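This report refers to the structure that appears directly beneath it.
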Amino acid sequence: MFVDRAEIEVEGGAGGNGALAFRREKGVPRGGPSGGDGGNGGDVVLVADPNMDTLLDFRYRSTYRAERGGHGGGSDKTGADGDDLVLPVPPGTVVLDADGGRLGELLDSGDRLVVARGGKGGRGNAAFATSTRQAPREREPGEPGEHRRMVLELKLIADVGLVGEPNAGKSTLLSRLSAARPKVAAYPFTTLEPGLGVVQLSGTRSFVVADIPGLIEGAHEGKGLGTRFLRHIERTRTLAVLVPVDAPDPGHAYAMLRKELEGHQPALARIPHCLVLTKADLLAGDEEPPEVQASAAWGTFTISSVSGRGLDELAEALWSRVREEKERSGEAGEGGQPFPELEEWTP
């Protein structure tokens with residue numbers, strides 16, 4: 001099951017209490033204070049794990065608490081620090097607090113984000129001893145750990161996003177370009193969750209494609225599957241807008257898709273895109289594909305996932321565009337902003 005959003009509650013471990021103790025040693029009639037400090041509580045830490053691709057684990061458990069610190073002891077013994085609680089999440093996870101504020105994101109394997117600090121251990125009475133106060137009976141309790149309610153959102157990390165109406169041929173195209181095997185059928189909304197595929201070209205060239213469930217007119221108002229899955233194309237370098245050649249009005253279909261992207265988030269409409277006319281095998285003989293006014297697109301391609309027409313040309317063009325966008329953003333060089341700035345998505 002693909003789960004791309006989860007609400008959880010986390011709490012750092014409480015600090016251990018400081019100890020109240022005095023030395024009782026043979027030959028030392030007036031032993032001084034010997035109460036040790038409490039240990040620090042553990043932190044709750046999120047770590048990007050490349051072996052995970054969904055937030056499903058967080059659906060069955062919503063509360064997480066790190067280990068508390070050990071209490072201080074006599075003979076100046078300090079309590080043990082509590083262990084950190086490490087929670088693996090898929091790369092591409094965005095972390096928001098309960099009010100929608102952005103806490104951070106984990107993009108690459110091994111990225112770490114502390115989301116709840118553990119409490120500091122309390123001091124034992126040995127820490128309060130002074131030259132004028134040699135037998136203090138004061139100690140401190142451990143501090144509570146940080147408590148936070150937050151939302152985890154998964155945004156797939158892909159180079160190319162496929163956008164189109166239901167049955168526009170997105171899943172079929174993904175299956176032809178990559179080793180992915182999405183569900184393909186002749187009825188609307190076959191794709192109910194995003195899918196990823198890696199397109200391998202000659203040499204070591206490759207790029208990742210995301211297949212997004214179909215959009216219908218009014219999707220940004222909640223119709224059909226709405227725009228729930230559009231967050232998964234926010235990080236893409238370029239979009240491929242798919243329109244079948246047998247659409248009643250291909251020009252209207254293209255304009256509608258662009259409008260739905262902008263209606264969900266204006267920044268999505270600013271991501272470079274190409275127009276892909278699909279199902280070219282339905283054209284009779286020398287019939288030309290329909291003309292669609294797509295002046296904003298960086299290219300127009302006519303393909304057939306059944307016959308293979310135009311697939312190699314499209315794959316090469318997408319790879320070239322992805323490389324160009326990476327170089328423009330600075331990712332292929334030194335530093336730079338790896339992803340375009342997008343407004344925060346709110347459910």
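Every number in this text was worked out from the coordinates using simple rules, so none of it is lab data. Everything quoted here is computed from the prediction, not taken from an experiment. Cβ coordinates were reconstructed from backbone atoms using ideal geometry, including for glycine residues, and neighbour counts include every protein chain displayed.
Side notes on the structure shown:
- Between 86, 315, 70, the Cα set farthest toward the positive side of the dipole of the chain (charges on each charged residue's Cβ, about the Cα centre) is that of 70.
- If you count Lys pairs in the chain whose Cα atoms are under 30 Å apart, skipping same-chain pairs closer than 8 places in sequence, the total is 20.
- The chain - mean residue ellipticity at 222 nm from DSSP helices (-39,500 (n - 2.57) per run, n ≥ 4, rounded to 500): -4000 deg cm²/dmol
- Anisotropy class of region 1-154 from Cα gyration tensor, a/c 1.5 cut: prolate
- Relative contact order (percent, whole number), the chain, Cα cutoff 8 Å, 6+ residue spacing: 15 percent
- Correct choice for log10 I(q)/I(0) by the Debye sum over Cα atoms at q = 0.07, 0.09, 0.10, 0.12 Å⁻¹ that was computed from the model, options [x] -0.34, -0.56, -0.69, -0.99; [y] -0.30, -0.51, -0.63, -0.90; [z] -0.44, -0.60, -0.69, -0.87: [z]
- Only Lys, Arg, Asp and Glu carry charge here, each on its Cβ (+1 for the first two, -1 for the last two); on that basis the chain has a dipole of about 1860 debye about its Cα centre.
- Remark: 77, 170 ranked as 77, 170, counting other beta-carbon atoms within 10 Å and listing the fewest first.
- Between 0 and 90°, nearest 10: helix 250-264 axis offset from the chain longest Cα axis: 20 degrees
- Couplings 3J(HN,Hα) for region 299-314, derived from phi with the Karplus relation 6.51 cos²θ - 1.76 cosθ + 1.60 (θ = phi - 60°), are x, 10, 10, 10, 9, 9, 6, 7, 8, x, 4, x, 5, 5, 4, 5 Hz, where x marks Gly and Pro.
- Relative contact order of region 1-154, defined on C-alpha pairs under 8 angstrom at six or more residues apart (%): 37 percent
- Tensor-based shape of region 16-79 (alpha-carbon gyration tensor, a/c under 1.5 rounded, otherwise prolate or oblate): prolate
- Taking the Cα centre of region 1-154 as origin and assigning +1 to Lys and Arg Cβ atoms and -1 to Asp and Glu Cβ atoms, the resulting dipole is close to 1320 debye.
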